[in-house]
Amino acid sequence: MGIYIYRTLLQIVPVLFIITLIVFILVHVTGDPVAMMLPDTASAEDREILTQALGLDRPLYVQYYIFLSNLLQGDFGNSFRYGEAALPIVLERLPASFELAAASMLVACCIAIPFGIWSAVKRNSVFDLFISGVSVLGKAMPSFWVGIMLILIVAVQMGWTPVSGRGGFSYLILPAITLGTGIAAEMTRLVRSSMLEIIGQDYIRTARSKGLREMIVINKHALRNALIPVVTITGLQLTNLVGGSLVVETVFSWPGMGQLIVQAINSHDMAIVQASVFVIALMVILINLATDIAYRALDPRIKYNR
Amino acid sequence: MKQLRHISIVWFAFILIATGCSGGTSGSKEEGAQQEKVLTIGNTIDNVTFDIHNHGNTQTESIHVNIFEYLVKKDGDDPRKKLPGLAVSWERTDDLTWRFKLKEGVKFHNGDPFTAADVKFTLERVAKDKSLVDYSSYSNIDQVNVIDEFTVDVITKEPDPILLARLSRISSGILPAAYFEKVGVKGFMDDPVGTGPYKFSKWIKDDRIELVKNTDYHGEKPNWDRVVFRTIPESTTRISELLTGSIDIAVIIPPGDIQRVKDSGSTYYVDKESARVQSLLVRQTPGTVTENPKVREAIELAIDKKAVIDNVLGGAGVPTQEAIGPGILGHSPELFNTDIYNVERAKQLLAEAGYPDGVELTLSSPASTKEVAETLAAYLTEASFKVNLEILEQTQYKQRDNSNTFKELALQGKGNSMFEAPLQLEIFITENAAGQTDYSNKEVDELLKAAATNLNDEERAEQYERAQAILAQDRPRIFLYQNKFNYGVNNRIDFTPRTDEMFYADDIKLKEDE
C-alpha cells in the first residue's frame, strides 16, 4: 500500500506538467486577453501598447518558459482581471465549492443508497419500475433547468428559501438539491445493479439459508460489497463537484470555483485558468488516491502492492 | 450497516465543517439588523478591481462612484453638463492648461486630508503607466502641476476639448497619494480608500461588495447605512431575487421578463437611452459587393429597425442613422428616430447595382446579439440578399474584429463612456478605417481631425454634424438603433436611471422617506 501511494504521488509531477502545457496552449490559441480587457472603443494602438506592457507580444515559448519558472516558485502570475496573484484567488473559492460539493453528495447518498437497495430487493416490482423511471428522468433533466424551476417554485412562489447567493444553511438547500438529485439519479441505478449482483451470490444464499433475517442479510452481508462501485462514482463525482459545477454555480450565483472558471475563460484570464486547472488536477489525483484507499477499507482483499 | 453509518457520519461532519468554515455572508446579519437602511443592487458581473485605472467596466464604475469622487461630476440627465465634485471651480487658462480649484476640508476614509498632491498622483499615474488598461484615455495629459494646496493645473499635450469628460469618468476618482504609495496596489485592493459618501466594508468575489456609510462625509449626510452590490449573472435568478424583495434594483431585464416585472405588483420597470449604438460594420474594400454604394443603401432600406426594436428588444431602443445620440455634442436630430424602411426600393437599388437576382453576403455577429442578427438576416433575405449568418463566441468575435477579418457585414455595439463624439467617430478617419471598413473620405478626415483639437464648442458641433451627414450617405457603418438599458425596481424605492448607468446611492431614495 505504501509503495502504491508513493508511486501515485510521484506521477503527479509529469501529469501536472502536461496539464499546464495543454492549458497554456489552449488559452493562447483561443483568444487575446487584451481584446477582452479594453473597452470596445479601444484602437489598434491601444491594444498594441497594452499587449507590450503585459509581455504578451513575446514568442509563446518564451512566455511559457517564464510561466514555468515562476510556477516552480509557486507563482501562477497575476490575474489580468483582478490584478492580484492568481493562486490565492483560486484557493479562497475552495471552501464555497467544498461546501456545495459536500451538501450535494449528502443529498445524493441519502436518496441513492436507500432507494437503490430497496429497488434491488424489490426487483421488478412497481416500486422498482417507478424508481428506474424517476432515475432516467433525473438524469435527463439538465441541471440548469432543475435549478431555475426550483428557484421559481420553492423560492419565488413558496418563499421557503433564498433565491441565490451564499450565506447560512438555507442558501445551500436549492443548489445542493439541484446537484444532488442529478448525481442521485445515476447513483441509484448503480447501487441497484451492484446490489442485484451481490444478492445473487452464493454467500448471500448461504446467509439466508442459515435463517438470518433479510434485514441482516442485506445490511450486514450485501451492502458492504455493493458499496465498492458506489465509492468509485462518489469519488469521481466529488472531483467534478469540487472542481466547480459551472452551470449550477452560475444559476445560483454561488461564489465557488465554477463561477470563477467561467468568468476567467470568458475574459481569457490566463493565470486564473492555469491556477484553477492546476488545483483541480491536484485534487482529482488526491481524491482518486483516497478512493483507492477507501476500496481497501471496504474490501481487505484488494491489494495495491504488486 | 456499520460502514454505512460511518460514511454518513463522516459526510455529516464534513458538511458541518464546510458550512462552519464558510465565512458566511451577510444573510444572518441582514436579518438581524432590520433597523439598518440597506440598499441592495443586483449587477450581472462582479467588481473587476479596485485599481480604478486598470479596467474599462461600467458596472464596476457604478460601484466605485460611491467610494471615489471625481473633480467634476456628470449631470444624471445631461452628461455633457458638468457639476462640481472635488473641484469647486475650473477654467481654461490657455489652449493647453486647465486650472482647478479644489474643495477644502475634505478627508479620505482613512483620515488623510485631500489636497492637490492627490490629484497630481492620480492623474499622472494613469497618464504615464502604459500597462494600465485606461492609459489611452488619459495619455493626452502631459503633467499635473500643484500650484498650491488646493489648486492644480492640468497640462495637456494637445488642446483637449473633452478633458472635462475624461475627468468625470472611470479613472478619475481621486486616490489618496500617501496611502496608495505606502500600501501599494495589493494593499489598496484589500482596503480601498476614497473620499466618497460610502466606505468599503467587504468584498466576497463573485458574490457581493458591501459599502457602509461614511459618517465624516464632507457633503450631505449619506442616505443609506449600507449599500450592497450583488453579482447575479443569470437573468432568471436576478429577476427572482427582485421579485422576492431580496434586491431593490436589478440591472438588464431581458425582453421576455419585462412584463413579469411590470405585473408583479411589488416591482416596477424603468429604462433609459444609453450612449451605446448598435450598427452594421460595412466593408468597402475594393472587390467586395458592399463596395457599391447602392448595395449599402439597399441593405439599410431592407431593415425595419423599428420592428427589430419592438420584437426582439422588447422596445428597448430608438432607431437611428447616426453614430452618437442625443446629449452628445454633434448629435444630428434629423438622423435620429427615423424610419426609412422600404423593401421595394431596396430590391430596386440592388437591381440597379447589377444584382437583380440578389447577391450573397456574410453577416457576422457575437453570440450575445444572435437574435438581432437572425432578424436582420431575415429582412435582408426578403430584399433578395442571400445571407450567410456567422454567429461567433465573444472572444472569437473580438479576435476577428481586431484582426480585421470580417467579410461584408458585422453587427457591433459601440459604447461611449465619455459622452463625446470622438470615441464613436474617429474610427472613420482613413488611417483608422484601413483594413476594417476601408472607408476613406477626405472631407470626413479633415472635419474629424479639426474637431478633435477645436476648443470652440459651436464650431466643433458643426464639424461633427457635417461629418455625420456624410457618413449617413457613405454608410461605412449602417447605424441601427440606440440601445436603451433597463432596470427592475422594488416599489419601496424611488429610482431614476442616469444616462451614464451609474448608481449614486444617495440619488436613490426610500419612498417612505420622501
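Summary of values
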quantity	calculated
Max mean-square fluctuation residue, GNM over chain A, Cα-Cα springs under 10 Å, options A:99, A:45, A:84	A:45
Given charges at Cβ of Lys, Arg, Asp, Glu: the protein assembly as shown dipole, positive-most of B:325, B:86, A:73	A:73
Exercise: per-residue mean of other protein chain Cβ atoms within 10 Å, B:205-211	6
Counted charge near residue A:236, where neighbours are those whose Cβ lies closer than 14 Å (Asp, Glu -1; Lys, Arg +1)	-2
For the protein assembly as shown, calculated [θ]222 nm from helices alone, where every DSSP H run of n ≥ 4 adds -39500 (n - 2.57)	-14500 deg cm²/dmol
Quotient of C-alpha Rg and 2.2 N^0.38 Å, computed over the range A:93-266	1.18
Acute angle (nearest 10 degrees) that the helix A:270-298 long axis makes with the longest principal axis of chain A, alpha-carbon atoms	20 degrees
Chain B: relative contact order as a whole-number percent, Cα under 8 Å and 6+ apart	19 percent
Fewest-first ranking of A:118, B:98, A:254, using other Cβ atoms within 10 Å as the exposure measure	A:118, B:98, A:254
0 to 90° range, to nearest 10: angle between helix A:94-121 axis and chain A longest Cα axis	20 degrees
Centre separation in Å (Cα based) which lies between the range B:381-442 and the range B:210-240	37 Å
Sorted by Cβ density within 10 Å, fewest first, the residues A:195, A:37, A:158	A:158, A:37, A:195
Neighbourhood charge, 11 Å Cβ-Cβ cut-off, centred on residue B:379 and excluding it, Lys, Arg +1 and Asp, Glu -1	-3
Summed residue charge, Cβ within 11 Å of residue B:349's Cβ, Lys/Arg positive, Asp/Glu negative	0
Ratio Rg/Rh, restricted to the protein assembly as shown and using Cα atoms, in which Rh is the Kirkwood radius	1.02
Chain A: relative contact order in percent, alpha carbon pairs under 8 Å with at least 6 residues between	28 percent
Cα gyration tensor, the range A:78-175 - rounded (a/c under 1.5), prolate or oblate	prolate
Largest to smallest principal axis extent of the C-alpha atoms in chain B, angstrom	79, 75, 47
Chain A: angle of helix A:169-199 to the longest principal axis, Cα-based, in degrees nearest 10	50 degrees
Amide H contacts under 5 Å for residue B:477, placed H, 5+ residues apart	B:282
J(HN,Hα) series, the range B:88-99, from Karplus relation 6.51 cos²θ - 1.76 cosθ + 1.60, nearest Hz, glycine and proline x	8, 7, 8, 8, 9, 8, 8, 4, 10, 10, 10, 9
The range A:2-72, Cα convex hull volume normalised per residue, Å³	101 Å³
Gaussian network model of chain A, Cα within-10 Å springs - most flexible of A:56, A:150, A:260	A:56
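Read-outs: derived from the displayed coordinates by stated rules, not from any lab. Model, not experiment: these values are computed from the prediction. Heads up, the Cβs are rebuilt from the backbone with ideal geometry, glycines too, and the neighbour counts pull from every protein chain shown.
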